[in-house]
1. Report, ordered by the first and then the second residue, all pairs with beta carbons closer than 8 Å, sequence separation of six or more or different chains, a first member in the range 405-431 that is not assigned by TED's automatic domain parsing to the domain that holds Gln339, and a second member that is among the aromatic types (Phe, Trp, Tyr) and surrounded by 12 or more Cβ atoms within 10 Å (Cβ to Cβ).
2. Out of Phe284, Phe291, I need the residue that is out of contact with any Lys or Arg (no Cβ under 8 Å at 6 or more places or on another chain), within 30 Å of His407 (Cβ to Cβ) and part of a loop (DSSP other than H, G, I, E, B). Which one?
3. Could you check Thr293 against (1) without any contact (Cβ under 8 Å) to a residue 60 or more places away in the chain; (2) loosely packed, with under 15 Cβ neighbours inside 10 Å; (3) under 24 Å from the mean Cα position of the chain (by Cα) and say which number it fails?
4. Just checking: which of the helices (runs of 4 or more DSSP H) contained wholly in the range 102-205 hold 2 or more residues that are surrounded by fewer than 18 Cβ atoms within 10 Å (Cβ to Cβ) and not polar (S, T, N, Q)?
5. I want to confirm something. Restricting to the range 84-95 and keeping residues that are assigned to a strand (DSSP E or B) and more than 25 Å from the chain's Cα centre (by Cα), which single residue is surrounded by the fewest Cβ atoms within 10 Å (Cβ to Cβ)?
6. For the range 212-254, which positions are farther than 18 Å from Tyr135 by Cα, surrounded by 19 or more Cβ atoms within 10 Å (Cβ to Cβ) and among the small types (Gly, Ala, Ser)?
7. Mind checking which residues of the range 296-318 are over 20 Å from the mean Cα position of the chain (by Cα) and either part of a loop (DSSP other than H, G, I, E, B) or of a type in the set (Phe, Trp, Tyr) (or both)?
8. Examine the range 64-75 for a residue that is closer than 16 Å to Gln408 by Cβ and of a type in the set (Gly, Ala, Ser), and state whether such a residue exists.
Amino acid sequence: MQTIVIVGGGAGGLELATQLGHKFGKKKLASIILVDRNRTHIWKPLLHEVATGSLDINTDGVVYRAHSSAHYYQFQLGTMIGLDQQSKCVQLQALFDEEGQEVLPERQLTYDTLVMAVGSVSNDFGTPGIAEHSYFLDSHEQASRFHRALLNQFMRTNQQSSDGDLKLAIVGGGATGVELAAELYHVADLLKIYGMPDMSAKRLKIDLIEAGPRILPALPERIAGAARVELAKLGVSVKERVRVTSANEKGFFASSGAADDDSDEQLITADLMVWAAGVKAPDFISQLDFFETNRSGQIIVKQTLQSTVDNQVYVIGDCCACEQPDGSWVPPRAQSAHQMASLVYDNIVLSAQDKPLRNYVYKDHGSLVNLSKYSTVGSLMGNLTQGSMFVEGRLARLVYISLYRMHQVAIHGWFKAAAVMLAQKIGSAVKPKMKLH
């Protein structure tokens, strides 16, 4: 019986493990093993909601071990640190508890087929002080850490009555930075009903800093313009063409001059600092000295999503560098991971049947940016309309929510996904509107 190991339980990895579990694991035709360093899965586009407390990982997350038992695959808690091509082994780091006691020793998993789905992490480009003084939102642990700090700052600001404001600075005008800024205003207004009467969105001062000429650079100008207008209405100070040069405990040092000219450098002060500017593949991939990688550390693949160095290794999601026939590269987005997971599933099935593999062609279904309860803007059917079908308001919000619902269907099936949605709806009626601990 062959063994298929999937490293990374993000959107693509979990969907693929689920599909393969039902295709091969249920009939014991293959052993499917999913490896992740976390115990719980959360859809990455929702991490900004975990950070603000709008989403509770304890009630809205998917527990891998419970999910695996229902979908015919095995789950291994661990962090990949090595790969031996000759013996076809993945090496996992030893696992220790909070007291430093070993829970699991260093282990090896043998595979016949390996799928790398390890996602991406924030890229601080080596900017001095960023790693020491900023919060990142690469995982739900980091989002939860920011959430705890945010609650503490809310309490401090409320205690100060009207004597001061809560200042936040977010570097990166992509979807994460824009959506986080809007969500922060939403939760700040909720605190009035949870024992902080002197806290409100009016006491929130947010600087959104983007080095490029505009926010949302990967999306059409019309979407960026609409989002900029909505953010301005909320009170967000959008600073475009502003480059962060360093950071300390007081805030970000930034310049609007040329890359080698810091003469106009200024300090943007902040009580909380978030870095959401750019992504790269996890550093350990390059350290493996095995894959062919690009400047962002992503693994370069063939059109079939097989790595260029080993046909038994597939790559999906943010860590995958796939060039399209027109010379463009597939963007690191949730819809890319979903499409890649489906293609790799098909190719693994085709390979088992000794049939030719299919090539991956990215289909851009459009882009949406959710500005909390205030607005949703975006474009649909990007491949067909070149992003010209602009949508906003309730329709855009409905489509945005449907993307998450599609992910839930992919990992739970229609019946269980409907049950999960119903449970979440009931839960939202009885639990607080934000996580308060």
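1. Qualifying pairs under 8 Å: His407/Trp43.
2. Numbers: Phe284 fails: part of a loop (DSSP other than H, G, I, E, B).
The match here is Phe291.
3. If we test Thr293 against (1) without any contact (Cβ under 8 Å) to a residue 60 or more places away in the chain; (2) loosely packed, with under 15 Cβ neighbours inside 10 Å; (3) under 24 Å from the mean Cα position of the chain (by Cα), just (2) comes out false.
4. Details: elements: 130-133, 140-159, 175-190.
In the range 102-205, 130-133, 140-159 are the helices (runs of 4 or more DSSP H) which contain 2 or more residues that are surrounded by fewer than 18 Cβ atoms within 10 Å (Cβ to Cβ) and not polar (S, T, N, Q).
5. At the first step, the residues of the range 84-95 found to be assigned to a strand (DSSP E or B) are 84, 89-92, 95.
Keeping just the survivors that are more than 25 Å from the chain's Cα centre (by Cα) gives 84, 89.
Details: Asp84: 12, Cys89: 17.
That would be Asp84.
6. Correct list: Ala224, Ala226, Ala227.
7. Within the range 296-318, Lys302, Gln303, Thr304, Leu305, Thr308, Val309, Asp310, Asn311, Gln312, Tyr314 meet the criteria.
8. yes
The values are calculated or read from the model by the stated rules, or taken from the named source; none is laboratory data. Just so you know, these numbers come straight off a predicted model, no measurement behind them. All Cβ positions, even for glycine, are placed from backbone atoms using ideal geometry, and neighbour counts span all protein chains on display.
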